[in-house]
Amino acid sequence: MMEAMPALEAAITEASRLEKVLKAGRPRVQVTLLDERATAKATALAWFDHKKSILSEMSGADTVLIDDCYKQILEASERAGARNKYLAKVKTIKEGLIRLRTDCAATPISAAPTADVAPNFAPLISDAAMQKILNARWTECVKCIAADLPLSATVMMGGLLEALLLSRINRETDKKSIFTAKTAPKDRSGKTKPLSEWMLKDFIEIVHELGWISVSAKDVGAVLRDYRNYIHPQKQLSHGVHLTPDDAKLFWEISKSMTRQVIASAK
C-alpha cells in the first residue's frame with residue numbers, strides 16, 4: 001500500500017489539525033472567523049484528493065460516510081456554521097479514517113510479488129560472515145513462504161528485520177539523534193534504554209522517525225511485529241488468531257520493501 005497508507009496518514013493528520021483549530025475557537029458558538037472556515041474548506045478539498053490515492057489501491061473501501069461529512073463541512077465553510085456540528089463531523093471522519101488505515105494495513109497485496117532474490121547487504125553491513133547469515137535467513141524466509149508455513153515465515157522475517165534495522169543504527173558513528181529521538185524506548189527513569197534492550201517495535205519506530213523507511217512500511221511492519229509474537233502458543237490461543245499464507249505473503253512484500261529502503265538509506 002505504497003500510496004494509500006501515506007494518503008490516509010495525511011488525511012488523519014489534517015483532520016486532527018482541523019479539530020484542534022475548531023476547539024481553539026471556543027467559546028464562540030459558531031465558526032465565523034475566516035481562517036477557521038478556510039482551514040475547514042482546505043481540509044475537505046484535500047480529502048477528495050487523498051481519496052483518489054486510497055481507492056487506487058483499496059477499490060472496495062467504503063468512504064461514503066467520510067465523503068458525506070466532508071461535503072457538509074465544505075458547504076458549511078461558506079457561512080457561519082455551528083461549532084459543535086463541525087466537531088461532531090470531524091470526530092466521525094477521524095473514526096472512519098482510522099478504520100480505513102487498519103483495513104489498509106491488513107489488505108493483502110494484489111500486485112505481482114516482487115523478486116525474492118536476496119539484495120546486496122554490503123552497503124549496510126561490511127562483515128562478510130554477517131552477510132552470509134543474512135543471506136541464509138533471507139533464503140529461509142522464501143522457503144517458508146513457498147511451503148505455506150506462515151508462522152515460521154513471519155518469525156523468520158521478524159528476526160531478519162531486527163538484524164537489519166540494528167545494523168542500520170550501528171552504521172551511524174554519531175548516535176545522538178537516535179538516542180534522543182522521540183520514539184526511542186525509555187526506562188522508568190526516562191532514560192533511553194541501551195540498544196541491547198530494544199525490541200523490533202522500537203527499531204521500526206526509530207528508523208521511520210529518522211526517515212529511513214516510509215510510513216506505509218512502518219505501519220505494516222508494526223502488524224508483522226504483532227503477528228510475530230504469536231510464536232508463543234498461549235498468546236495465539238488467547239487471541240484466537242491464526243496466520244494464513246496470504247498474511248505471510250503480505251508481510252514478506254513489506255519486509256522486502258523495508259529491506260530495500262534501509263539499504264538505500266545507508267548508501
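The values are calculated or read from the model by the stated rules, or taken from the named source; none is laboratory data. Quantities reported herein were computed from a predicted structural model and do not represent experimental measurements. Note that each Cβ is placed from the backbone with ideal geometry, even for glycine, and that neighbours are counted across all protein chains shown.
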Discussion item. Whether any residue in segment 228-235 is farther than 15 Å from E162 by Cβ, in a loop (DSSP other than H, G, I, E, B) and modelled with pLDDT under 90 is what I want to check.
Written reply: yes
Fill in: In segment 30-51, the residues that are under 18 Å from Q72 (Cβ atoms) and hydrophobic (A, V, I, L, M, F, W, C)
V31, A38, A40, A42, A44, L45, A46, W47, F48
Worksheet item: What pairs come up if the first residue lies in segment 2-31 and is of a type in the set (D, E), the second is in a helix (DSSP H, G or I), and their beta carbons are under 7 Å apart, counting only those six or more places apart or on different chains?
Response: E3/S53; E3/S56; E3/E57; E9/V215; E14/T43; E14/A46; E19/L87; E19/V90
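To keep it simple, each residue is scored yes or no on (1) closer than 23 Å to V215 by Cα; (2) acidic (D, E).
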| site | (1), (2) |
| --- | --- |
| E9 | yes, yes |
| V21 | no, no |
| Q30 | no, no |
| E36 | no, yes |
| T43 | yes, no |
| F48 | yes, no |
| K51 | yes, no |
| Q72 | no, no |
Discussion item. Looking at T102, T154 in this structure, which one is surrounded by fewer than 16 Cβ atoms within 10 Å (Cβ to Cβ) and within 20 Å of D226 (Cα to Cα)?
Written reply: T102
Discussion item. Looking at T43, T39, can you tell me which residue is polar (S, T, N, Q), free of Cβ contacts under 8 Å to residues at least 24 places away in the same chain and either surrounded by fewer than 19 Cβ atoms within 10 Å (Cβ to Cβ) or assigned to a helix (DSSP H, G or I) (or both)?
Written reply: T39
